[in-house]
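What follows is a set of notes on a single structure, which appears directly below.
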Amino acid sequence: MMDQLNGPLFCTIYGRIRYCRYSGEFKIDFGDMSLWLCHEQLSQLARRINQLTRAIGPQYLSVTRQFAITPPGCEGEQFRFYVDELLDLQTLLNGARVMIDLYQFLDDHRFALETGI
């Protein structure tokens, strides 16, 4: 079912994730970060971001505080995010994972979605 997607899999304020039916990978466009990740790498990145956002306390809520992230498969390359961007990235990754699970469930149970716009 994901093979039929024409638009983004999930979008937030700062970014979007698209699925490439030919490679089976996911393209993340988020600010300066533009990556192609497989399903497992996407899940790894989501887990890292979830751990980091859970650790954010009031002392880190400064508007000038940035967090450096090295995505899976990008060793040596870091991306920096402010707290609001980090929370938006968390929403983007978790939202995409939910959509992936939904499409997998629909495929497994042979459900079809029809749109009549």
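Just give me the residues in the range 67-84 being exposed (fewer than 13 other Cβ atoms within 10 Å of the Cβ) and of a type in the set (S, T, N, Q), in sequence order. The answer is Gln78, and nothing else. The residue list Leu87, Leu35 contains one member that is hydrophobic (A, V, I, L, M, F, W, C) and touching a Gly at 6+ places or on another chain (Cβ under 9 Å), which is Leu35. Within the range 83-117, the set of residues being modelled with pLDDT under 95, polar (S, T, N, Q) and within 17 Å of Phe26 (Cβ to Cβ) comprises just one member, Gln104.
Each row is one residue, and each column tells you yes or no for (1) of a type in the set (A, V, I, L, M, F, W, C); (2) under 24 Å from Asn6 (Cβ atoms); (3) touching a Phe, Trp or Tyr at 6+ places or on another chain (Cβ under 7 Å).
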position: Tyr19; (1), (2), (3): no, yes, yes
position: Tyr22; (1), (2), (3): no, yes, no
position: Lys27; (1), (2), (3): no, yes, yes
position: Leu42; (1), (2), (3): yes, yes, yes
position: Ile56; (1), (2), (3): yes, no, no
position: Leu86; (1), (2), (3): yes, no, yes
position: Arg97; (1), (2), (3): no, yes, no
position: His109; (1), (2), (3): no, yes, no
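Count of the range 17-42 residues, restricted to those that are under 21 Å from Thr70 (Cβ atoms) and buried (at least 16 other Cβ atoms within 10 Å of the Cβ), is 12.
The values are calculated or read from the model by the stated rules, or taken from the named source; none is laboratory data. Since the structure is predicted, the reported quantities are computational estimates derived from the model, not experimental observations. All Cβ positions, glycine included, derive from the backbone under ideal geometry; neighbour counts span all protein chains shown.
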